[in-house]
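Colleague: Input: one structure, supplied below.
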Amino acid sequence: MLAESSDAELVDAALSSLIRDLEAERDLAALDSWPYADDDNLTMPGALHDHADAMPYSGLVPNDVKRLARLRRAQK
(Lines give C-alpha, C1' and ligand atoms only; values in the text may rest on other atoms or scores of the structure.)
Protein backbone atom coordinates (compact mmCIF):
# COMPACT_ATOMS: atom_id res chain seq x y z
CA MET A 1 0.00 0.00 0.00
CA LEU A 2 1.41 3.39 -0.97
CA ALA A 3 0.39 5.12 2.26
CA GLU A 4 2.61 2.77 4.25
CA SER A 5 5.62 3.14 1.94
CA SER A 6 8.65 5.26 2.76
CA ASP A 7 9.60 8.23 0.60
CA ALA A 8 12.51 6.24 -0.84
CA GLU A 9 10.21 3.36 -1.79
CA LEU A 10 7.79 5.77 -3.50
CA VAL A 11 10.63 7.40 -5.45
CA ASP A 12 12.01 3.99 -6.43
CA ALA A 13 8.57 2.86 -7.63
CA ALA A 14 8.05 6.06 -9.59
CA LEU A 15 11.48 5.83 -11.22
CA SER A 16 10.95 2.17 -12.10
CA SER A 17 7.63 3.03 -13.73
CA LEU A 18 9.19 5.92 -15.64
CA ILE A 19 12.05 3.73 -16.87
CA ARG A 20 9.61 1.03 -18.05
CA ASP A 21 7.59 3.66 -19.94
CA LEU A 22 10.69 5.18 -21.55
CA GLU A 23 11.99 1.76 -22.59
CA ALA A 24 8.62 0.92 -24.14
CA GLU A 25 8.64 4.21 -26.06
CA ARG A 26 12.20 3.54 -27.24
CA ASP A 27 11.28 0.03 -28.38
CA LEU A 28 8.26 1.31 -30.31
CA ALA A 29 10.37 4.03 -31.94
CA ALA A 30 12.92 1.40 -32.97
CA LEU A 31 10.18 -0.72 -34.54
CA ASP A 32 8.93 2.35 -36.41
CA SER A 33 12.44 3.00 -37.72
CA TRP A 34 13.19 -0.63 -38.62
CA PRO A 35 9.86 -2.42 -39.15
CA TYR A 36 10.17 -6.18 -39.40
CA ALA A 37 7.93 -6.24 -42.47
CA ASP A 38 10.46 -4.15 -44.43
CA ASP A 39 13.38 -6.47 -43.67
CA ASP A 40 13.62 -9.54 -45.87
CA ASN A 41 15.95 -11.21 -43.35
CA LEU A 42 13.49 -10.87 -40.47
CA THR A 43 10.13 -11.27 -42.18
CA MET A 44 8.46 -14.64 -41.83
CA PRO A 45 5.88 -15.89 -44.28
CA GLY A 46 2.27 -15.68 -43.19
CA ALA A 47 1.22 -18.37 -40.77
CA LEU A 48 -1.06 -20.99 -42.26
CA HIS A 49 -2.29 -22.08 -38.86
CA ASP A 50 -4.00 -20.41 -35.94
CA HIS A 51 -3.32 -16.66 -35.99
CA ALA A 52 -3.17 -16.61 -32.19
CA ASP A 53 0.20 -18.34 -32.65
CA ALA A 54 1.46 -16.19 -35.53
CA MET A 55 5.13 -16.55 -34.52
CA PRO A 56 5.86 -20.28 -34.84
CA TYR A 57 9.56 -19.98 -33.95
CA SER A 58 10.19 -20.21 -30.22
CA GLY A 59 13.92 -21.02 -30.11
CA LEU A 60 16.91 -18.82 -29.41
CA VAL A 61 17.79 -16.01 -31.81
CA PRO A 62 20.41 -17.33 -34.26
CA ASN A 63 23.86 -15.74 -34.01
CA ASP A 64 23.77 -14.53 -37.63
CA VAL A 65 20.55 -12.60 -36.89
CA LYS A 66 22.17 -11.04 -33.81
CA ARG A 67 25.22 -10.10 -35.90
CA LEU A 68 23.03 -8.53 -38.58
CA ALA A 69 21.15 -6.54 -35.94
CA ARG A 70 24.43 -5.24 -34.46
CA LEU A 71 25.64 -4.21 -37.94
CA ARG A 72 22.40 -2.38 -38.67
CA ARG A 73 22.45 -0.58 -35.32
CA ALA A 74 26.03 0.52 -36.01
CA GLN A 75 24.96 1.96 -39.38
CA LYS A 76 22.48 4.33 -37.75
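Colleague: Collect the residues in the stretch 1-16 that are assigned to a helix (DSSP H, G or I) and surrounded by 10 or more Cβ atoms within 10 Å (Cβ to Cβ), keeping them in residue-number order.
Modeller: Residues satisfying the conditions are Glu9, Leu10, Val11, Asp12, Ala13, Ala14, Leu15, Ser16.
Colleague: Could you check how many residues of the stretch 34-69 are in a helix (DSSP H, G or I) and either modelled with pLDDT under 80 or surrounded by 10 or more Cβ atoms within 10 Å (Cβ to Cβ) (or both)?
Modeller: Residues meeting the conditions: 11.
The values are calculated or read from the model by the stated rules, or taken from the named source; none is laboratory data. Here the structure is a predicted model, which means the values were calculated and not measured. Backbone-built Cβ (ideal geometry, glycine too); neighbour counts: all protein chains shown.
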